[in-house]
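For reference, the structure discussed in these notes is given below.
The values are calculated or read from the model by the stated rules, or taken from the named source; none is laboratory data. A quick note: this is a predicted structure, and the numbers were derived from the prediction, not measured. Cβ coordinates were reconstructed from backbone atoms using ideal geometry, including for glycine residues, and neighbour counts include every protein chain displayed.
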Amino acid sequence: MPLRPARCYTHFSGPPYTRREYIHGVPPPKITKFEMGNYEVMVKAEVKGELVMLEAGQIRHNALEAARIAVNKYLSTTLGDKNFYFRVRVYPHHVLRENKMMAFAGADRLQDGMRQAFGKPIGTAARVYPGTIVLEVWAFKGAEEHVKEALRRGARKLPLPSRIVIKDLTSKSG
């Protein structure tokens, strides 16, 4: 089994914490662009690739940004900017909190431990469930392997197991 990164915020229990009007000091999400490439390709595309989550969990905003950069970089270098359309489907709404503890000599006299340990906002995450499509890529025939490799590289940046689905859009019924 390959080594997995640390997972402090991957699994969740309880309701999402999203009401930003009541939360002060939430840092903005690192991911800013959700659509890349040529929009016209989506209309004429013959192949669609999807990254589908297999487990429920949370994906932090910096992991989404890393996956977006990896997929976009690979597709733009192999296919060119005009031959694909790429979209990130999820948005990091859930606010993550951390109860910061001091870790130095004599810190036990300065902090209260778990008393009133609600925590301060440190970032945001997107909550996903089995079957959630996180990333999707549209391209033309012959680019299936490049789409699959791009999504594989993006999946390596995410903390949850996922599956890549390649769909043929030319055999539409109706």
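Are there any strands (runs of 3 or more DSSP E) wholly within the range 38-117 with 3 or more residues that are at pLDDT below 85 and touching a strand residue (DSSP E or B) at 6+ places or on another chain (Cβ under 6 Å), and if so which?
Here the list is empty.
Every test in (1) within 13 Å of the chain's Cα centre (by Cα); (2) crowded, with 18+ Cβ neighbours inside 10 Å; (3) not aromatic (Phe, Trp, Tyr) is passed by ILE69 save one, and that test is (2). Of the listed requirements (1) crowded, with 19+ Cβ neighbours inside 10 Å; (2) closer than 30 Å to GLY25 by Cα, LEU79 misses just one: (2).
Specify which of the listed residues (ALA70, ALA45, ALA56) is in contact with a Phe, Trp or Tyr (Cβ under 7 Å, 6 or more places away or on another chain) and over 27 Å from SER171 (Cα atoms).
Working: ALA70 fails: in contact with a Phe, Trp or Tyr (Cβ under 7 Å, 6 or more places away or on another chain); ALA45 fails: over 27 Å from SER171 (Cα atoms).
Only one candidate qualifies: ALA56.
Being β-branched (Val, Ile, Thr), at negative phi and modelled with pLDDT of 85 or more holds for only one residue in THR10, THR32, and it is THR32.
Restricting attention to the range 118-168, and to residues there that are assigned to a strand (DSSP E or B) and among the polar types (S, T, N, Q), which single residue is nearest to PRO92 (Cα to Cα)?
Start the filter on the range 118-168 by keeping residues that are assigned to a strand (DSSP E or B), which leaves 120-128, 133-139, 162-168.
Of the ones still in play, those that are also among the polar types (S, T, N, Q) are 124, 162.
Details: THR124: 5, SER162: 18 Å.
Per the stated criteria, the residue is THR124.
Go through the range 4-42 and give me each residue that's more than 11 Å from PHE84 (Cα to Cα) and β-branched (Val, Ile, Thr). Result: THR10, THR18, ILE23, VAL26, ILE31, THR32.
Here are some residues: ASN83, ASN99. Which one is under 14 Å from VAL137 (Cβ atoms) and out of contact with any Leu (no Cβ under 7 Å at 6 or more places or on another chain)? Being under 14 Å from VAL137 (Cβ atoms) and out of contact with any Leu (no Cβ under 7 Å at 6 or more places or on another chain) holds for just one of ASN83, ASN99, which is ASN83.
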